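The values are calculated or read from the model by the stated rules, or taken from the named source; none is laboratory data. These figures come from a predicted structure and were not determined experimentally. Cβ placement follows ideal geometry from the backbone for every residue including glycine, while neighbour counts extend to all protein chains displayed.
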Amino acid sequence: MNQTDSAINTKINNGTVTSSNTNRYMSSKNQAIKNDTAVSTPVTTTSTSIEDLYKYFGILADAKQQAGQHVETYLSIISGTKGGAKEKQLASQFITRFFKYFPKEMPIAIDAIFDLCEDEDVNIRKAAIKDLAVLSKECDPEHLNRIADILTQLLQTDDHQEILQVQSSLQSVFKLNPKSTLNEIFNQINTAEVEEVRKRAIQFLVAKIPVFLRESGEGSHKDLEDLIIKHVKHVLIDVDAEEFILFIRLLTALPSMSTLTGRQDLVNIIMAQSELDKPFDENDIERLMILLSCIQQAIPLFSKNVQSTKFVNYYLQNVFCIFTKLQDENLKFEILKSFAELCVHYNGQVASNNSIKNLQVLYELMIEYLPKPSEHQSEEQQSEEDELKFNFSYVECLMYAFHVLGRYHPEFLASEENKDRLKDFRHRLQYFAKGTQNYIKELRNSLSNSAIGIKENEENKIRRVALKVTTNIDTLIKDLFHNPPSYKSAINLSWKIIEKQIAEMANAAKRSLSVSNVDTSELNDGSRKKQERGIYQPPTGKYSTNATALNPKPNGNGKRRTFSHGTTGQRGGRF
């Protein structure tokens, strides 16, 4: 039996390694043998007092640069981690202080600190976690990877102050070796059995990496950005809605993604997640929610050079055919708002060969919400009845989309063969215009009669939004009522104005909307309220030091693609 085997076996036989930690020590042993690194003489189990620790400290301190010659003294300090609370904290400090002088004893020293990270005393755990960051400055890459791996797993703690220390230490390790640390974090994201580890590891990346890249200087970490993109693409195979949004925010924050090529690559990633190549099942609401969530992440990336045409075509060919079968009005409104926003950056010149057919689909859905006056009632009588039925919010979305797409095919309404269609359309527009103008007058009168100087109530806020919706519709109707129909007017979608106002209010309140200030309440959670902890059970058996980040295996916990109706958020009410 070689010296390595003797050291490890003696530690186990002497009871200094618990069953939960055996895998870690065996991992250290195997790594040591693999790298032909000798693990030093086993740590003695004799009780080490505070006085003893200070005596050992004095010996090593006096030795200065020759401290490494006093191996037995250093091992005696390490044995202090098996003592009482005070001995553990003091031993941890002294282990860290002289760590660099004992390269052969590094595995034993690191494992001793790992043990303290699992202590039942939270103060000892926090001190040990802090010391890991100091140790990492003197470690070789192999040991640094182990520390990064353990710190990532420690994100599962329930203590708020402890998790802050874990984040701080992990951030320190990340700065020392960004690529290796990133590999270890993503390894845990892919393989962690504890869901909280995966969740908080993702949140850590989203919160900390943009700050690191910004402070390091643009263009100085191109290789690291490429590695992040590679890992994220792999993880996106199996994510839930929250994770997907966080990863897209992470990618958006990368300097390389701010270029035209970068934004197009990001849109392609989102498009792949949207599965636009697969047919749509009207009963698959989850798939619809995934699509909506993907679109909301993609919309800010579109421009005249990064176009949304493929998403628009997918809506027209797959979503609108089942639109009227959907029962959830809020969901239908979200679909229409997203579609209208996509049309802002639609390019009909590169659209599919089915563009006329697609326009026909949009037109038929639009006139579903543009009623014709009844032949048996006067227009005034029916107008009063139908004003209550007019769905102004739906019409704003659909008419805006038709206004955008129609300009690429003016013959759809203006050609001789389509004169009957144009006649019917004008009839509907004229009738809807009267109802719209009546509603606009009513809204303006209500707003003008409101008391001046009194803080605006909720009803007036709603009226102002409704006024914007109806004035948008009125503008579009006037354009389409030209002979031939015109497509020149430009409007700002009503809910986008609301979003802009909210953003301005937030900026006025000095709230940063950057991705670096992603809500990390979950990352820093553990509930700040004091709760009854009872007897603390240390998280034994949960930490593995197997460094396999370069070949991560997909999580076997089943598919995560579960998107709720609340994913897209509500961006303005319906009228």
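Miscellaneous remarks
- One residue from Leu135, Leu144, Leu75 being part of a helix (DSSP H, G or I) and in contact with a Leu (Cβ under 7 Å, 6 or more places away or on another chain): Leu144
- One residue stands out among those in the stretch 183-194 that are over 17 Å from His143 (Cβ atoms) and in contact (Cβ under 8 Å) with a residue 40 or more places away in the chain: the one that is surrounded by the most Cβ atoms within 10 Å (Cβ to Cβ), which is Ile189.
- Candidates Phe320, Phe302, Phe247: the one that is among the aromatic types (Phe, Trp, Tyr) and closer than 30 Å to Ala192 by Cβ is Phe247.
- Residues that are charged (D, E, K, R) and part of a helix (DSSP H, G or I), drawn from the stretch 295-347: Lys310, Lys325, Glu329, Lys332, Glu334, Lys337, Glu341
- Pair list, Cβ under 7 Å, 6 or more apart: the stretch 415-429 residue in contact (Cβ under 8 Å) with a residue 12 or more places away in the chain, other residue assigned to a helix (DSSP H, G or I) and among the β-branched types (Val, Ile, Thr): Arg428/Ile367; Leu429/Ile477
- Hits in the stretch 211-252 - residues which are more than 9 Å from the chain's Cα centre (by Cα), charged (D, E, K, R) and part of a helix (DSSP H, G or I): Arg214, Glu215, Lys222, Asp223, Glu225, Asp226, Lys230, Lys233
- Residue in the stretch 233-253 that is modelled with pLDDT under 90 and of a type in the set (Ser, Thr, Tyr) present: no
- Scanning the stretch 87-131 for residues that are more than 25 Å from Lys64 (Cα to Cα) and in a helix (DSSP H, G or I) yields Phe114, Asp115, Leu116, Val122, Asn123, Ile124, Arg125, Lys126, Ile129.
- Given (1) surrounded by 23 or more Cβ atoms within 10 Å (Cβ to Cβ); (2) hydrophobic (A, V, I, L, M, F, W, C); (3) touching a Lys or Arg at 6+ places or on another chain (Cβ under 8 Å), number of the condition Val173 does not satisfy: (3)
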